[in-house]
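Working notes, beginning with the structure itself.
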Amino acid sequence: MSRESKIQYNPALSVKENAKRNGVSDAAIRYYIKVNGIDRRFDRKQNVIDDCRKYLKKHPKATWKEISEKTGHTEKTIRQYREYITTEKELVDFDNEKAKKRQEREAEAKQKVYDFLNGIPKEEILEYLAKREEQEQSKIVQKKTRTKVAEISNKGTAPNKQVETNGDIVEIRYRERKNPRSNKYYGLVRCTKDYAYFYQGVPFSNWWNSPAIEYDGHTFSSSESLFMYLKAKQFGDTETAEKIAKSKYNQAKELGKEVKNFNYSVWCRVREDAMYTALEQKLKCDAEFKEALLSDTYKGKTWVEASRKDDIWGIGAEASDAVLKKGVTAWKGTNLLGKTLTRLRDNTIGKETI
C-alpha cells in the first residue's frame, strides 16, 4: 500500500492537524499535497464559502457579523466572497487558469516558430547551420591560441606585469604597486594597432603610487597630487598648495577643488602644460613608469584614458566599449591625459636618441 493511500486528508484542517490525525509527520502531509496537486489556498477559500452557504441555508436572514461568529471566519474574509456565498456561482482557481493561459501562449509561440521554419527551404537551413558550426570552431581555435608571457622584473619576487595576446588585441596587466610582493594583477592596458587603453592600477594612471616625486621642495606620492599643487600655485593660492603638498594620497583632488581665485578659462589654457610638468617629474623618479612609457609594446601608439566618468582627461567611455564595440566612435571626451602622455613619450625618445 502506497504512503499517500493511508492518509485521509481534510482540506479544512492545517498541515499540522492533518499530520496529527493521520499519525504521520508534517513532511508526509506536504508530500501528499504535492503529489496530488492540491492547492491549499484554493481549498481554504472554498471552505469559507461552503461553511457560509450551509449556515445561510438554515438562517437565510443572518447578518454578516452573525455568520462570522458562527462559522469562525472573520467578517472581512466573508465579505470578500459574498458574491459566491449568496449565489451558486463556482469559485475559479485563478492560479491554475493563469498557468493554463501561459501554457497556451507558449504553445502558440512555438507553433509560430515551427510554421516559420517549415516555410524555409531545407538547403538554406543546412547552409546556416554549417556557417554557425564554422564560427564556433573558429572561436575554439582562437581560444586555444591565446598565449601568456610573463616579463620578469628585478624588483620583488613576482613578475611586474603579464602580457596576454588575443588576436589583434594585446592585454598587459600590472601588479599592484602598493604591495610589491603581491602576485595579484589589477591594472589592465588593452592595446590595439593604434591605441593603448588604460584606466587605474597602471603606471600611466595619475593615481599610480609612485616613489617620492620631488618638486619645489616638496615630496608627492602621485602625479595627481603634484598636478593639483600646480593648479593652486597657478592662481596664487599658497595656503591650499601647502595643504596639498602635505595631504595624503587620496586627498589632493578634493583640495584642488577648493583653490581660491580659480578662473576656468585661464586654467583651460595652461592645464595641459601643468599635467606635462607633473608627468615629467614623475618620469624622473619612477623607474617603472619610465620603463612602461618607453617600452616597445606601446611604440607608435596613442595612450587613451578609458574613464567613463571623465570626458576631459579621458574619453568618457570604458575600454570595453572603445576596443571591442564601437572603436573611436565610442569616444565622448578629449583624452587630454592620453595626449599628454604620448607627447611626453615622443619628446623623451627624441632627447634620448640625440
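So which residues in the stretch 303-323 are touching a residue at least 24 places away in the same chain (Cβ under 8 Å) and surrounded by fewer than 16 Cβ atoms within 10 Å (Cβ to Cβ)? Within the stretch 303-323, Ile312 is the sole residue that qualifies.
Give the stretch 37-95 a look and list any residue that's under 50 Å from the mean Cα position of the chain (by Cα), in contact (Cβ under 8 Å) with a residue 40 or more places away in the chain and surrounded by 12 or more Cβ atoms within 10 Å (Cβ to Cβ), or say none. Selection gives Asp39, Phe42, Lys45, Gln46, Leu91, Asp93. Of everything in the stretch 251-276 that is over 11 Å from Lys231 (Cβ atoms) and in contact with a Leu (Cβ under 7 Å, 6 or more places away or on another chain), the residue that is surrounded by the most Cβ atoms within 10 Å (Cβ to Cβ) is Tyr276. Out of all the residues in the stretch 38-55, which are assigned to a loop (DSSP other than H, G, I, E, B) and among the β-branched types (Val, Ile, Thr)? Result: Ile38, single match. Annotation for the stretch 255-264: no member residue is assigned to a loop (DSSP other than H, G, I, E, B) and hydroxyl-bearing (Ser, Thr, Tyr).
Any read-out appearing in this document is the output of simple, stated calculations on the displayed coordinates, not a laboratory observation. Since the structure is predicted, the reported quantities are computational estimates derived from the model, not experimental observations. Glycine gets a Cβ as well: all are built from the backbone with ideal geometry, and neighbour counts include every protein chain shown.
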